[in-house]
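Before I ask anything, here is the structure I am working with.
The values are calculated or read from the model by the stated rules, or taken from the named source; none is laboratory data. Computed from a predicted model, the values in this text were never measured in an experiment. A quick note on method: Cβ atoms are made from the backbone with ideal geometry, for glycine too, and the neighbour counts reach across all protein chains shown. Surface accessibility is based on the protein's heavy atoms, side chains included, excluding ligands, DNA and RNA. Shrake-Rupley method; radii C 1.70, N 1.55, O 1.52, S 1.80 Å.
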Amino acid sequence: MEPSEKVKVLQDLIKIHSVNGNEVEVAHYLQKLLAAHGIEPKVDEFGDRRANLTAEIGTGEDSRVLGFTGHQDTVAVPNPDRWQYPPFSGEVVGDRIYGRGAADMKSGLAAQALALIELKEANQLPTGKVRFIATAGEELGTPGAYRLEKQGTATDLDALVVGEPTGGNIIYAHSGSMNYRITSFGKSCHSSHPEQGINAIEGLLKFVEEEKHLFDDAKDDPYLGKVQHSITVINGGNQVNTIPDSATLHGNVRPTAVFNNEKVIDRLQDALEYINHTTPFQLELKIIQDFYPIATAPDNHFVQVALEAAQRNYPNDVKLDIINGATDASVFTLHRPDLPVVVLGCDSWNVAHQTDEFTTISSYLATIKAYKQIVRDFFA
């Protein structure tokens, strides 16, 4: 396939509005693309215009299965008028392709599909199986990945490549991501007699003070370092002369393999129990999202295969690294914690979700080559 054709595939995907949904149109585009090159994918539609897609190539003589996964949705575009280039145009300027999802992660998704197509058309089918897994809703709750995990899509994988943007670097570990909500219950009264009520907002402030140092003694992870944590949303009260009887806050924690999700939840519960027993406030915890960290040893054979493939195909110096973001791999490793996983994709994680998000054509084409190299070397 000519470079211009590959660029058009990415442009076509960027033009599809799949903001936190509408993956069905992306899935059908990929289905048509793959089918035109003799690969018959399966599209699983569910919910409101949501869909996953899976496809395989390979002879199956080797029993191993190598997975490539990417998500079809993007984050929202809150201020499209601030974009220099329209967010759903896929406009090319020099070496850059602009648009929502250009980096995160329609470039990785397109590169994975095109790697399968080019391997097949070059008669370089792997002796095992390569499974392409395109998911729905990674940016908001990962319903697609959870559906696929329950269907057993990752059960027989021997290794997995996630196509999130990494600038060609090989990410061998990433933190988990836990979103939680705390509701504070108080007692309402008129603000002229505040002593007659219990201000639920003050209950949240007690937690805010505790949260500052809640993970100070958490052991550092050898790969992921410290547990990162933040309170990001607070809501309370609806009338200025009334003491509020309820208030909520939301927070995010990035668990590590050493201080994992269960330990984080225990620590949050301990803080709430302390407040509930020593103050007039009553706080309640609800876990909204619970993604687990992943970590594969940097000297793992698969990590080294991926690193060599990246070094051979990217023009820049690539390295082994970690990130604090989470991916669908958190779901696919729920019952496979020993599954070797790397994250490898175009350009930088830092441009994802940004105004005038972009990827470069050079890194996109290099990523396709690197993916093909990984397949060849994995089954060598």
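Look through region 120-178, keep the residues that are under 12 Å from the mean Cα position of the chain (by Cα) and assigned to a strand (DSSP E or B), and return whichever of them is farthest from Asp220 (Cα to Cα).
So, considering only residues that are under 12 Å from the mean Cα position of the chain (by Cα) and assigned to a strand (DSSP E or B), the one farthest from Asp220 (Cα to Cα) is Thr135.
Could I ask something else about it? Val9 is checked against (1) modelled with pLDDT under 95; (2) buried (at least 20 other Cβ atoms within 10 Å of the Cβ); (3) β-branched (Val, Ile, Thr) and fails just one. What number does that condition carry?
With (1) modelled with pLDDT under 95; (2) buried (at least 20 other Cβ atoms within 10 Å of the Cβ); (3) β-branched (Val, Ile, Thr) applied to Val9, the lone miss is (1).
Hey, can you tell me all the residues within region 46-88 that are hydroxyl-bearing (Ser, Thr, Tyr) and under 21 Å from the mean Cα position of the chain (by Cα)? Break it down into steps so the answer makes sense when it comes.
So in region 46-88, the residues hydroxyl-bearing (Ser, Thr, Tyr) come out as 54, 59, 63, 69, 74, 85.
Correct list: Thr54, Thr69, Thr74.
Can you name the condition, by its number, that Phe132 falls short on among (1) aromatic (Phe, Trp, Tyr); (2) more than 17 Å from Tyr29 (Cβ to Cβ); (3) surrounded by 22 or more Cβ atoms within 10 Å (Cβ to Cβ)?
Just one mismatch for Phe132, condition (2).
A further question on this structure: So, of the residues in region 309-346 that are assigned to a loop (DSSP other than H, G, I, E, B) and among the small types (Gly, Ala, Ser), which turns out to be farthest from Val65 (Cα to Cα)?
Going through the qualifying residues, I end up with Gly325.
Right, next: For region 50-68, does any single residue satisfy the condition of being assigned to a loop (DSSP other than H, G, I, E, B), touching a helix residue (DSSP H, G or I) at 6+ places or on another chain (Cβ under 6 Å) and more than 24 Å from Val343 (Cβ to Cβ)?
No: zero hits.
If you don't mind, another one. Name the residues in region 18-59 that are modelled with pLDDT of 95 or more, open to solvent by 20 Å² or more (accessible area, probe 1.4 Å), closer than 21 Å to Pro86 by Cβ and not charged (D, E, K, R), would you?
Tyr29
What pairs can you find where one residue is in region 345-360 and more than 16 Å from Asn316 (Cβ to Cβ) and open to solvent by 30 Å² or more (accessible area, probe 1.4 Å), the other is of a type in the set (Ser, Thr, Tyr) and part of a loop (DSSP other than H, G, I, E, B), and their Cβ atoms are less than 8 Å apart, with a gap of 6+ or different chains?
Hits for this filter: Asp356/Tyr85.
How many of the residues making up region 66-103 are open to solvent by 10 Å² or more (accessible area, probe 1.4 Å) and not small (Gly, Ala, Ser)?
Qualifying residue count, region 66-103: 19.
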